[in-house]
Amino acid sequence: MGRKLQPANSPEAFATLRKWLDACKTNHPQCATKGPLPTRVINVGKAVQDFVRLEVVQPGQAAHYMALSHCWGRIQLIRTLKANYVEHQKGIPLAKLTRTFRDAVEITPEMGIHYLWIGSLCIVQDSPDDWEKEAAKMGNVYRFSYLTIAAAYSEDSNGGILRAKYNESKSVMKCTVGNAVGSVYVTFRHSDFASLHKQPLHTRAWVLQERILSPRTIHYTEGQMLWECRRARRCETGVPENALTLPGVRIWDGRLQFDAGALHKFWWNWYDMLHDFTARSITYGDDRLPALSGIAHVMEGVTKGGYIGGI
Ligand SMILES: [Zn+2]
């Protein structure tokens with residue numbers, strides 16, 4: 001049971017997302033970001049444009065930006081290279097972007113934001129120097145993002161984010177409570193926070209720190225949009241997060257308690273998180289520690305402890 005879902009690219013779905021964002025901005029000071037812009041961002045410009053631009057951020061330039069969390073997959077996706085670096089600053093036609101990138105470009109201005117960070121476009125992919133420098137900052141890119149867009153159901157960058165239609169049954173049953181008679185909408189259980197780890201995006205090792213460090217994430221799952229910030233979780237269906245989980249079963253809820261106040265709780269979160277992390281797949285084994293370094297750095301700050309090579 002729950003509210004009927006709207007197509008993810010509909011004005012109603014964008015309005016829902018704006019409502020969640022506004023509630024977070026008004027009520028959760030913990031979720032506010034005031035960090036610097038990354039080294040480079042994609043300027044998504046106006047909705048009527050048929051291109052976007054890679055923009056090199058000027059020192060001291062301040063603005064909100066959104067970040068994309070997605071599976072690259074095995075496809076050949078558009079990347080910034082030394083050879084097209086200048087060209088990308090002049091403009092990248094939307095037609096050249098993958099479907100997931102185009103969808104992220106559509107969502108960003110809907111939230112009132114002009115800048116979007118996409119790793120394959122904002123890091124020069126064939127420059128080892130740039131990669132090393134920017135990979136070290138990747139944790140902070142997500143940590144200071146205004147809102148992270150997670151393309152949860154897509155196995156690669158062509159999978160898209162804004163699904164036009166959900167596949168769901170539409171059974172309506174008459175329902176009587178006391179003297180009130182109404183209708184109840186019945187459908188199968190949609191993917192929710194309990195099954196988020198089964199979505200293709202969340203089987204990837206790099207994505208764990210992208211999720212944990214982002215103060216706000218909108219997960220586009222196979223079934224519905226899920227909102228997650230430091231203080232709240234919401235489902236599009238309106239079904240509360242723990243409504244369908246077994247009482248008494250301790251499951252790590254996928255978030256580090258940065259502001260819990262109790263350090264021991266945070267330590268245990270860390271071990272749960274490592275358990276989750278090591279079960280995920282990663283394309284290059286050498287990336288295991290870099291994919292964890294953003295969280296490790298934040299953890300050093302919280303615990304005042306020292307982090308040495310994974311320990
Ligand atoms: Zn919030």
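The values are calculated or read from the model by the stated rules, or taken from the named source; none is laboratory data. Please read all numbers here as calculations on a predicted model, not as lab measurements. Neighbour counts run over all protein chains shown; Cβ positions are idealised from the backbone, glycine included. Just so you know, the surface numbers come from the protein's heavy atoms only, side chains and all, with ligands and any DNA or RNA stripped out. Shrake-Rupley method; radii C 1.70, N 1.55, O 1.52, S 1.80 Å.
Table: residues versus (1) without any contact (Cβ under 8 Å) to a residue 40 or more places away in the chain; (2) closer than 20 Å to Phe144 by Cβ.
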site: Lys34; (1), (2): no, yes
site: Arg53; (1), (2): yes, no
site: Tyr65; (1), (2): no, yes
site: Cys71; (1), (2): no, no
site: Lys90; (1), (2): yes, no
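Against the list (1) free of Cβ contacts under 8 Å to residues at least 40 places away in the same chain; (2) surrounded by 12 or more Cβ atoms within 10 Å (Cβ to Cβ); (3) under 20 Å from Pro7 (Cα atoms); (4) not hydrophobic (A, V, I, L, M, F, W, C), the condition Ser195 fails is (3). Within region 271-288, track down each residue that is touching a residue at least 60 places away in the same chain (Cβ under 8 Å) and assigned to a helix (DSSP H, G or I). Within region 271-288, Met273, Asp276, Phe277, Asp287 meet the criteria.
Residues are listed down the side, and each one gets a yes or a no for (1) touching a helix residue (DSSP H, G or I) at 6+ places or on another chain (Cβ under 7 Å); (2) open to solvent by 10 Å² or more (accessible area, probe 1.4 Å):
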position	(1), (2)
Glu87	no, yes
Ala104	no, no
Ile118	yes, no
Met138	yes, yes
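Within region 21-59, restricting attention to residues that are open to solvent by 70 Å² or more (accessible area, probe 1.4 Å) and of a type in the set (Val, Ile, Thr), the residue that is nearest to the ligand (Cβ to nearest atom) is Thr26. Any residue at all in region 8-20 that is open to solvent by less than 100 Å² (accessible area, probe 1.4 Å), within 16 Å of the ligand (Cβ to nearest atom), touching a Ser or Thr at 6+ places or on another chain (Cβ under 9 Å) and not hydrophobic (A, V, I, L, M, F, W, C)? No, region 8-20 has no match at all. Based on what the data block shows, is Ile161 within 25 Å of Lys19 (Cα to Cα), at pLDDT 85 or above and surrounded by 22 or more Cβ atoms within 10 Å (Cβ to Cβ)? Judged against the criteria, Ile161 is a match. Could you please tell me which pairs satisfy a Cβ distance under 9 Å, a separation of 6+ or placement on different chains, a first residue in region 1-27 that is farther than 19 Å from Val239 by Cα, and a second residue that is within 15 Å of the ligand (Cβ to nearest atom) and open to solvent by 40 Å² or more (accessible area, probe 1.4 Å)? From region 1-27, the pairs are Lys25/Ala32; Asn27/Arg231.
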